[in-house]
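Okay, structure first, notes after.
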Amino acid sequence: MQVRKTRFDTKRITLTASLAALYIIPRTIPLDRLIGISGAITFSAIITPVLGVFLAPSYGILAVFLGTMIAAFIPGSAGTLKFGGLDFLGGALNVALISLLIRGRRTEATLMYVATLGLFVINPNTEIFVGTSLPNLVPPFQWLRLPSPPVPYLWLHLVALGVLVSPLTRNLRDSFVFGARRDLAKAVFVVAFIGTMIEHVTGGILFASIVGAGALGFWPAIFLVYPFERAIIVLGAVLVCTPLLIASRDLIARYPLQET
């Protein structure tokens, strides 16, 4: 029994290391410049659905941590460490939440998501409503002032929460393991959307906590940009992860989804 357990753990560790290496690739590619601090947002989140399928939450977090640290030291990589090296937390929560959803643990995933939103809201250096402080339009359009009631900064995160608690996240395991290409692509879209939103709000918490009161002036600009960044990531996840998971169906069938 001990020999079997050792072999099983060895397979998990080997798989974790392999997927950490896969995570490194998009982690080195820049998507957009960060606002308020030096560095770049990378494409790392486009591969987290694959990690979530093959790895239980704990192993997924380990893979993201290893991939983040290694990518930071690759010459010319966009994945330089930010927030004192804590920027791996966004990707870690992303893959952990996706892993929980695929394994049918919706309650745990929902509690994780709500708790993360709560931490953002109670941080004194975050902005809850940004509509009244949107930047003026650039010349010669500065005269055009459309009505701008207060808009929740977290509006897209709340949409993702609605998707998380909806029927769309039920029976995701079947879609990933047995579903046709269209069903699989839909499932990838759902988990990638929710995952990238928890990663984004985690980055916001780190930004507010480390930059301090100086972060308050940047939320309107971030508010305008982040929906486009998240849309690119989700689309990229569908385009990249769907064919990868289709090609890996035999491997998924051979190694049942890890639960712990």
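The values are calculated or read from the model by the stated rules, or taken from the named source; none is laboratory data. Note that the coordinates shown come from a computational prediction; the quantities given were computed from them, not determined experimentally. Glycine gets a Cβ as well: all are built from the backbone with ideal geometry, and neighbour counts include every protein chain shown. These area figures cover heavy atoms from the full protein model, side chains too; ligands, DNA and RNA do not enter into them. Shrake-Rupley method; radii C 1.70, N 1.55, O 1.52, S 1.80 Å.
With the condition kept exactly as written, say whether any residue in the stretch 185-193 is out of contact with any His (no Cβ under 6 Å at 6 or more places or on another chain), over 24 Å from A115 (Cβ atoms), among the charged types (D, E, K, R) and modelled with pLDDT of 95 or more. Yes, because at least one residue in the stretch 185-193 is out of contact with any His (no Cβ under 6 Å at 6 or more places or on another chain), over 24 Å from A115 (Cβ atoms), among the charged types (D, E, K, R) and modelled with pLDDT of 95 or more. For R103, state whether it is buried (at least 16 other Cβ atoms within 10 Å of the Cβ), within 17 Å of the chain's Cα centre (by Cα), among the basic types (K, R) and modelled with pLDDT of 90 or more. Against the criterion (buried (at least 16 other Cβ atoms within 10 Å of the Cβ), within 17 Å of the chain's Cα centre (by Cα), among the basic types (K, R) and modelled with pLDDT of 90 or more), R103 does not qualify.
Confirm whether S38 is more than 24 Å from F228 (Cβ to Cβ), out of contact with any Asp or Glu (no Cβ under 6 Å at 6 or more places or on another chain) and open to solvent by 60 Å² or more (accessible area, probe 1.4 Å). No: the conditions fail for S38.
Going by the conditions given, is V211 in contact with a Cys (Cβ under 6 Å, 6 or more places away or on another chain) and in a helix (DSSP H, G or I)? Criteria not met by V211. Remark: I246 falls outside the filter, which requires a residue to be open to solvent by 10 Å² or more (accessible area, probe 1.4 Å), over 16 Å from V159 (Cα atoms) and under 18 Å from the mean Cα position of the chain (by Cα). Has the stretch 4-18 got any residue that is of a type outside the set (A, V, I, L, M, F, W, C), surrounded by fewer than 16 Cβ atoms within 10 Å (Cβ to Cβ), modelled with pLDDT of 90 or more and closer than 29 Å to A231 by Cα? Yes, because at least one residue in the stretch 4-18 is of a type outside the set (A, V, I, L, M, F, W, C), surrounded by fewer than 16 Cβ atoms within 10 Å (Cβ to Cβ), modelled with pLDDT of 90 or more and closer than 29 Å to A231 by Cα.
Does A63 satisfy the condition of being under 22 Å from I210 (Cα atoms) and touching a residue at least 24 places away in the same chain (Cβ under 8 Å)? Criteria not met by A63.
Could you please find all residues in the stretch 209-233 being in contact with a Ser or Thr (Cβ under 6 Å, 6 or more places away or on another chain) and at pLDDT 95 or above? Of everything in the stretch 209-233, those that are in contact with a Ser or Thr (Cβ under 6 Å, 6 or more places away or on another chain) and at pLDDT 95 or above turn out to be R230, I233.
Of the residues that make up the stretch 112-119, is at least one assigned to a loop (DSSP other than H, G, I, E, B) and either of a type outside the set (G, A, S) or out of contact with any Phe, Trp or Tyr (no Cβ under 7 Å at 6 or more places or on another chain) (or both)? No, because not a single residue in the stretch 112-119 is assigned to a loop (DSSP other than H, G, I, E, B) and either of a type outside the set (G, A, S) or out of contact with any Phe, Trp or Tyr (no Cβ under 7 Å at 6 or more places or on another chain) (or both).
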